[in-house]
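Let me begin by presenting the structure, written as structure tokens, before commenting on it.
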Amino acid sequence: MVSENESGKINEHSKNRQLDQYRADDNGKKMTTNQGLRISEDEHSLKAGTRGPTLMEDFHFREKMTHFDHERIPERIVHARGSGAHGYFQVYEPMTEFTKAKFLQDPSVKTPVFVRYSTVAGSRGSADSVRDVRGFSTKFYTEEGNYDLVGNNIPVFFIQDAIKFPDLIHAVKPEPHNEIPQAASAHDTFWDFVANNEETAHMIMWHLSDRAIPRSLRMMEGFGVHTFRFVNEEGVSHFVKFHWKPVLGVKSLVWDEAQKIAGKNPDFHRQDLWEAIDTDNYPEFEFGVQLIKEEDEFNFDFDILDPTKLWPEEQVPVKIIGKMVLNQNPDNFFAETEQIAFHPGHVVPGIDFSNDPLLQGRLFSYTDTQLSRLGGPNFHELPINRPVCPFHNNQRDGMHRMTINPGPVSYHKNSLAGNSPVPASEAEGGYAHYQEKVDGRKVRQRSESFKDHYSQAKLFWNSMTEVEKEHIIAAFHFEVGKVKSKDVQQQVVEMFSNVDLELAEAIAKGVGANPPSNKNEVETELTSPALSQELMKVKTAATRKVAILAADGFNGTEVNQVLESFKAAGITAEIVSINRGMITSATEQQVEVDQTFLTADSVLYDAVYVAGGQESVDALKATKNSIFFVNEAYNHFKAIGAGKEGAEILTKAGIGSFDPNAGVVAIADEKSGTAFIEAIAKHRHWIRA
Ligand code: HDE
């Protein structure tokens, strides 16, 4: 069995049907060894007497223990912590004008996909909510082979040339002498690298912005980062950048919250993704492309091959061309999310590379890393990695080979097998590299056109709203404040004075460094509103999670009404109370408590609603926990709602008065329920700051 479908017709179920052949159901079965021998006893090793030594001949013990001893594989050198999901992709209109890629032609075709999200720096078991870039990798199982779009949630990168990647990662990973800190960039070696590699400036602005602490993997953008090529049937090429736009909008945590979540629920994002799919709230992302004609390559004030530059959307609009829906959780984390192997070099006809030196280096690294991670050259045969279209070549043998290739011929060209498998012509779907003309001397140099490191960093800064700027400054204070070397701190201040003098002065003040002596601030007033997540239009409360604080004697009519309006808005709610079990309303209605103040925390919710009812409010008031819960949610700028008597808790939590404009809503009637939902949809109420 090489492929699931020799006819080439792929639909959204193709990958699932292929995986079915590998799924094993142990339910209700007798236990056997891996050889199929039934096992009669699995709790006692074979011994010479009940108190005697274990015997070598205990093959069952040996097999079980040996397998256990070898259960771990090396974690990814970067992006070790990840979460995945199955789904499908559908194009809105044929993209024939720009690319011949088949999965981008027919709007009726649903191409199966697997997506893996990740953080970069932390180990496999590190917390989800840390400040970091998020990986956003998509494997499209197309009829022409697997296409991997291995992107991030930030559109630019730290460095311009792949040869610097090991240095960047050595600097950001825990320091090698003491393996501290885990999953964090707030330490000396990272900031030393930044200050001595000016090309990082633009990416650092993004890294310290709210983009690096997403609320949910479902609420962040994705970017292919590099410039790629689309090539159509006529061989005409366009430069292209890829975008994923989340249907739920781009939303972030606040830093204090992100740090607390790391302790309260390290699996915050993984669980959010899992539960969303489990409850049929399928994450959706629209697919967009920015296109530049070949002849316009040099018409920009940045080099389109430079991965530290973006193409401002106001200059090169994003054309939305399709949608991805994630509708199925994996069955087995290791088999699917861990063993999936992405590679930017997995392309299909119609998609090609540019000469971006970062991309060029990646084309080497990804296969190489799988060899040590997955133990040999046959990782493409693992179920999650297998294309759903046929694959035939003369590659043979190697560790863990699963395919059985009959016959004596495994070479090309041959006559004994009629010269098969035979390369396909372009007309037959054979991949032909775009025939770009290249001409140059062999040099170890960077193009002059890559040397402006500050204009787009400044563009990003100019495009931020006031609150986003405040967050970036606070992030500098945290990150550089954790740096022990005063010298490195000062270097950072000097470097960012190239971006913006006020910013550099603010950094200096917060970390106790001298004001910048360098006054080379780049001069540009340009802005790109599309870069600000605060200015984005999508505002919905759908799939958000609200904590309802209630105890015995709560106002049942009011809570029912609120729950109804939550349901209509696609909001989920959990009852948080003093103890688990049932609580009874003033009118004898019973509801089950989902969480207590010990098992839950305000940081795990998007909003808080304190139910009315005097007895309930009195009971809650008596616990400091409820006051802290509301106070913390308020300080994290979240929507707060309260029934009439619930206002007493708000007062105790230091909240002055109801003010829907500041997201503090009195729940009295249906109209106020709507106001509360609008407050949740706004996500955060910065006016309180
Ligand atoms: Fe990666 N990167 N990377 N990277 N990368 C890996 O491949 C590498 C870069 C990205 O969920 C590794 O299979 C080099 C940019 C994602 O499995 C490794 C360079 C972007 C993932 C590797 C880069 C990415 C990886 C580690 C500099 C955004 C996770 C394990 C030239 C466009 C994929 C693996 C997954 C993973 C190398 C830079 C995204 C070592 C050499 C830029 C999302 O091969």
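Heavy atoms only, probe 1.4 Å: what % of the accessible area of region 1-103 goes to carbon and sulfur, would you let me know? Numbers along the way, then the final one.
On the way: 3740 of 7230 Å².
Of all accessible area on region 1-103, carbon and sulfur atoms account for 52 percent.
Please state, rounded to one decimal and in Å, the Kirkwood hydrodynamic radius that region 40-185 gives when every pair of distinct Cα atoms enters the mean of 1/r.
Mean inverse Cα-Cα distance, inverted, gives 19.9 Å.
May I ask you to list the trypsin sites (Lys or Arg not before Pro) in region 19-77 that are in a DSSP loop and have at most 15 other Cβ atoms within 10 Å of their Cβ?
Sparse-neighbourhood loop trypsin sites (Lys or Arg not before Pro): Arg23, Lys29, Lys30, Arg51, Arg72.
Could you state the principal axis extents of the C-alpha atoms in region 442-497, from the largest down, to the nearest angstrom?
Principal extents (Cα only, largest first): 45, 31, 15 Å.
How high is the relative contact order of the chain, given as a whole-number percent (alpha carbon pairs under 8 Å, six or more residues apart)?
Computed value for the chain: 12 percent relative contact order.
State the dimensionless ratio Rg/Rh of region 202-277 (Rg: radius of gyration of Cα atoms; Rh: Kirkwood radius).
Dividing the radius of gyration by the Kirkwood radius yields 1.14.
Roughly to the nearest percent, how much of the accessible area of region 600-647 is carbon and sulfur, given a 1.4 Å probe?
Carbon and sulfur atoms account for 56 percent of the accessible area of region 600-647.
Fully extended, how many nm does the chain gain between Lys567 and His70 (0.36 nm per residue separation, minus their Cα-Cα distance)?
So the chain would gain 174.2 nm between Lys567 and His70.
In terms of modelled amide H atoms, which long-range or inter-chain residues lie less than 5 Å from the amide H of Gly322?
Tyr92, Phe287
Would you grab the residues whose amide H sits under 5 Å from the one on Ala573? Only those 5+ places off in sequence or on another chain, please, with H modelled 1.01 Å from N.
Amide H neighbours of Ala573, under 5 Å, 5+ apart: Val546.
With +1 on each Lys and Arg Cβ and -1 on each Asp and Glu Cβ, how big is the dipole of the chain about its Cα centre, in debye rounded to the nearest 20?
Around 1160 debye, computed over the chain.
Which order do peptides 215-224, 673-682 fall in by mean Cβ count within 10 Å, highest first? Intermediate values should be presented prior to the final figure.
Details: 215-224: 24.2, 673-682: 21.0.
So the peptides 215-224, 673-682, ranked by packing, come out 215-224, 673-682.
So, by mean Cβ neighbours within 10 angstrom, what's the order for 352-363, 599-610 with the highest one leading?
Result, highest mean first: 599-610, 352-363.
Over all distinct alpha-carbon pairs, what is the Kirkwood Rh of region 347-452 in angstrom?
After inverting the mean inverse Cα-Cα distance, the result is 17.7 Å.
With a bin width of 10 angstrom, please list the P(r) values of region 497-579 as percents of all Cα-Cα pairs, from the 0 bin to the one holding the largest distance.
14, 22, 16, 13, 19, 13, 2
Please list the non-local residues whose amide H lies under 5 Å from the amide H of Ser252, H modeled 1.01 Å from N, same-chain partners needing a gap of 5 or more.
For Ser252, whose amide H was placed from the backbone, the distant partners under 5 Å are Arg215.
Among the GluC sites (Glu not before Pro) in region 270-343, which ones are in a DSSP loop with at most 14 other Cβ atoms within 10 Å of the Cβ? Mind listing them?
The qualifying sites are Glu297, Glu314.
Quick one: what are the phi-derived ³J(HN,Hα) couplings along region 113-125, Karplus 6.51/-1.76/1.60 with θ = phi - 60°, whole Hz, x for glycine and proline?
9, 10, 10, 10, 9, 7, 9, 9, 7, x, 6, 4, x
Restricting to DSSP loop positions (anything but H, G, I, E, B) with no more than 16 other Cβ atoms inside 10 Å of their own Cβ, which chymotrypsin sites (Phe, Trp or Tyr not before Pro) remain in region 271-339?
On the way: sites: Trp274, Phe285, Phe287, Phe298, Phe300, Phe302, Phe333, Phe334; in loops: Phe298, Phe300, Phe302, Phe333.
Sparse-neighbourhood loop chymotrypsin sites (Phe, Trp or Tyr not before Pro): Phe298, Phe300, Phe333.
Just from the alpha-carbon atoms, what are the Rg and Dmax of region 609-689 in angstroms?
That works out to 11.7, 33 Å for Rg and Dmax.
Using just the alpha carbons, could you tell me how many Å³ per residue the convex hull of region 546-602 encloses?
67
How many nm is it between the label spots at Met56 and Val467, if each spot is 7 Å from the Cα in line with the beta carbon?
Using points 7 Å along Cα→Cβ, the separation is 7.1 nm.
Mind jotting down a quarter of the surface of the convex hull over the alpha carbons of region 530-646, in square nanometres, one decimal?
Mean projected area of the Cα convex hull: 7.6 nm².
Each residue of region 459-465 in turn: what ³J(HN,Hα) in whole Hz from Karplus with 6.51, -1.76, 1.60 and θ = phi - 60°, glycine and Pro shown as x?
Residue by residue, region 459-465 yields 4, 4, 4, 4, 8, 7, 6 Hz.
Take the alpha carbon atoms of region 497-523, find their center, do the same for region 556-608, and report the distance between the two centers in whole angstrom.
The two parts, judged by their Cα centres, are 48 Å apart.
Per residue, how many Å² of accessible area does the chain show with a 1.4 Å probe?
Numbers: 32120 Å² over 689 residues.
Ligands and nucleic acids excluded, the figure is 47 Å² per residue.
How big is the chain on each of its three principal axes, counting only the C-alpha atoms and giving the largest first in Å?
Its Cα atoms span 90, 81, 56 Å along the three principal axes.
Spin-label point model (7 Å from Cα, Cβ direction): what's the Ala48 to Gln614 distance in nm?
Spacing of the two 7 Å Cα→Cβ label points: 8.1 nm.
Using a 1.4 Å probe and ignoring any ligands, DNA or RNA, find the accessible area of Met495 and quote it in Å² to the nearest 10.
Result for Met495: roughly 10 Å² accessible.
How large is the helix-only mean residue ellipticity at 222 nm for the chain, computed as the sum of -39500 (n - 2.57) over DSSP H runs with n ≥ 4, divided by its residue count, in deg cm²/dmol to the nearest 500?
Counting only the DSSP helices, I get -7500 deg cm²/dmol.
Residue by residue, what Karplus-based ³J(HN,Hα) values in Hz, rounded to whole numbers, does region 130-141 have, using 6.51, -1.76 and 1.60 with θ = phi - 60° and x for Gly and Pro?
5, 6, 6, 6, 9, x, 9, 10, 10, 9, 8, 8
Could you compute how much accessible surface Val511 exposes when probed at 1.4 Å, giving the result in Å² to the nearest 10?
20
The values are calculated or read from the model by the stated rules, or taken from the named source; none is laboratory data. Given the structure is predicted, the values throughout are model-derived calculations rather than measurements. Positions of Cβ are backbone-derived with ideal geometry, glycine not excepted, and every protein chain shown enters the neighbour counts. The area values use the complete protein model at the heavy-atom level, side chains included, leaving out ligands, DNA and RNA. Shrake-Rupley method; radii C 1.70, N 1.55, O 1.52, S 1.80 Å.
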